[in-house]
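K.L.:
Mind having a look at this structure? Questions to follow.
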Amino acid sequence: MANTPRPLIAGNWKMNGLRHGARIQVDDLLERMAGADLQDRDILLCPPATLIDMMVAARHVRAQPLLVGGQDCHTERSGAHTGDISAEMLKDAGCEYVIVGHSERRADHGEDNDTVRRKARAAIDAGLTAIICIGETENQRQSGETLQVLTGQLEGSVPEGADAANTVIAYEPVWAIGTGLTPTVEDVAEAHAHIRETIGGLIADAPMVRLLYGGSVKPANAAELLAVENVDGALVGGASLKAADFWAIVTAI
């Protein structure tokens, strides 16, 4: 394992979770972690900003190595940006990671590659690890543009100074997010091999950068997806909201 990336299973709670129910799920997960040997993998949850402090406090109380991240950050350190949150604020709240460039941010908020790159840069400058999301739409896949789209997103979104310690790449086919649909194992392998090759021209230690697969990852398909070459973990959506389902994915490696 010394010469391969350390697996990372990340849960993206999106806009879900109120404190009482979320605390029950987090305590359940932390209890499961306490009874397991997790020296060979990392576990991360990215809740809404309102739940970050609760998760950070809960992991300290139970003394478990649960990583906590934000779901987005602003490109600037501070300023007149009502409703936004900076990478430094996330770091100050106890986060270690932040997701940038998720397809829902790209689509719903018009974020382009340059914006994602600037957010990733802000995250790295704040001492966070940036999880940079990329992925093609259904129309782009049907048109045979998948690899071209991934190349453009990587070249436009990965900032200068990115390395295996501060950057994770998450491949999430847009058409597979929350739909129950997943690419074939062969499709995932092709995409991840292409990503690994492409970042070789962008990141010096590209072989050690963690590449996550996301898009309807669930207990039933996790083992198959996580066994694909160049898949170093998963970015999990809906299944991360239930501790039992998320744990099944964590232990599927």
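What follows draws every value from the coordinates through simple rules; no lab data is involved. Model, not experiment: these values are computed from the prediction. Cβ atoms come from the backbone with ideal geometry, glycine included; neighbour counts cover every protein chain shown.
K.L.:
Under a 5 Å amide H to amide H cut-off, with H placed in plane at 1.01 Å, what residues pair with Arg210 once short-range neighbours are removed?
P.N.:
Amide H to amide H, under 5 Å and 5 or more residues apart or across chains, Arg210 pairs with Ile169.
K.L.:
Quickly work out the Glu31-to-Ala204 label distance, labels modelled 7 Å from Cα along the C-beta direction, and quote it in nm with one decimal.
P.N.:
Result: 4.7 nm between the two label points.
K.L.:
Thr75: net charge of surrounding residues, Cβ under 13 Å, Lys/Arg +1, Asp/Glu -1, itself excluded?
P.N.:
-2
K.L.:
Per the Kirkwood formula on distinct C-alpha pairs, the Rh of the stretch 99-253 is how many angstrom?
P.N.:
Taking the inverse mean of 1/r over all distinct Cα pairs, the stretch 99-253 comes out at 15.5 Å.
K.L.:
If packing is taken as the mean number of other Cβ atoms within 10 Å per residue, what is the order of 185-193, 113-121, 78-86, 29-37, highest first?
P.N.:
So the peptides 185-193, 113-121, 78-86, 29-37, ranked by packing, come out 113-121, 185-193, 29-37, 78-86.
K.L.:
Quick one: what are the phi-derived ³J(HN,Hα) couplings along the stretch 100-109, Karplus 6.51/-1.76/1.60 with θ = phi - 60°, whole Hz, x for glycine and proline?
P.N.:
Listing the rounded values in order: 10, x, 4, 4, 6, 6, 4, 7, 7, 10 Hz.
K.L.:
Now, a different point. Search the structure for amide H atoms under 5 Å from the amide H of Asp42, placed 1.01 Å from N in the peptide plane, and list their residues when 5 or more places away or on another chain.
P.N.:
Leu8, Ile9
K.L.:
Please state, to two decimals, what the Cα-based radius of gyration of the stretch 158-226 comes to when divided by 2.2 N^0.38 Å (N = residues).
P.N.:
Taking N as the residue count of the stretch 158-226, the ratio is 1.18.
K.L.:
Follow-up. Grab the Cα-Cα distance for Ala189 and Ser78, subtract it from 0.36 nm times how many residues apart they are, and report the gain in nm with one decimal.
P.N.:
Gain on extension, Ala189 to Ser78, equals 36.0 nm.
K.L.:
Still on this structure, please answer the following. So for each of 138-150, 88-100 I average, over its residues, the number of other beta carbons within 10 Å; can you give me the resulting order with the highest mean first?
P.N.:
Those peptides, ordered most packed to least, come out 88-100, 138-150.
K.L.:
List every residue whose amide H lies under 5 Å from the amide H of Val68, counting only residues 5 or more places away in sequence or on a different chain, with H placed 1.01 Å from N in the peptide plane.
P.N.:
Counting only residues 5 or more places away or on other chains, the set is Leu45, Glu96, Tyr97.
K.L.:
Quick one: Arg105, Arg62, fewest Cβ neighbours within 10 Å first, how do they rank?
P.N.:
Going from sparsest to densest Cβ surroundings: Arg62, Arg105.
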